[in-house]
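Any read-out appearing in this document is the output of simple, stated calculations on the displayed coordinates, not a laboratory observation. Source: prediction; values computed, not measured. Cβ sites come from the backbone with ideal geometry, for glycine too, and all protein chains shown count toward neighbours.
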């Protein structure tokens, strides 16, 4: 296991690792919400994303890192890219949902957490929208119909 971790660290510090992370950063930048890093794709913004992605990969939990190494060893390049981007974007969204980054998103996260734990309230999801509603009603009166979302 130590040898695999050493190989991973060596790759992460190599030009090949930087090239791979640059490719992933370009794709991740398109999936991140507007305003997360800026409104343009300037070289400075791209460098910020590459830097954050590098730190993210370097600090990955060993089990997640092992999953990525396994995908690389199996030659699953496109799956490796999509998995890494998904993990990174999810991490960015989680960071944004803290009060230090965005009080509004932190409040949104807290309300969702409280609603999901509340007795009698269920989460409804459709391909284009999602909302919370009352569990006990046969014709579930949703918060959406109450104009609360």
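Across q = 0.22 Å⁻¹, the stretch 28-133 modelled as identical point scatterers on its alpha-carbon atoms has Debye log10 I(q)/I(0) values of -1.19, in the order of the q list. Cβ-to-Cβ counts within 10 Å put 7, 27 in ascending order as 7, 27, the fewest first. A simple spin-label model places the labels of residue 102 and residue 128 2.3 nm from each other, with each point 7 Å out along Cα-to-Cβ.
Using the number of other C-beta atoms within 10 angstrom as an exposure proxy, rank 34, 76, 59 with the fewest first. Can you show the working numbers first?
Details: 34 7, 76 14, 59 10.
Going from sparsest to densest Cβ surroundings: 34, 59, 76.
Placing pseudo-labels 7 Å out from each Cα toward the beta carbon at residue 51 and residue 30 gives an inter-label distance of 2.5 nm. Modelled spin-label separation between residue 95 and residue 79, with each label point placed 7 Å from Cα along the Cα-to-Cβ direction: 2.8 nm. From least to most packed, judged by other beta carbons within 10 angstrom and beginning with the fewest, 111, 85, 122 follow the order 111, 122, 85. Overall dimensions of the stretch 17-80, expressed as equivalent-ellipsoid semi-axes from the Cα gyration tensor (√(5λ), whole Å, largest first), are 24, 12, 10.
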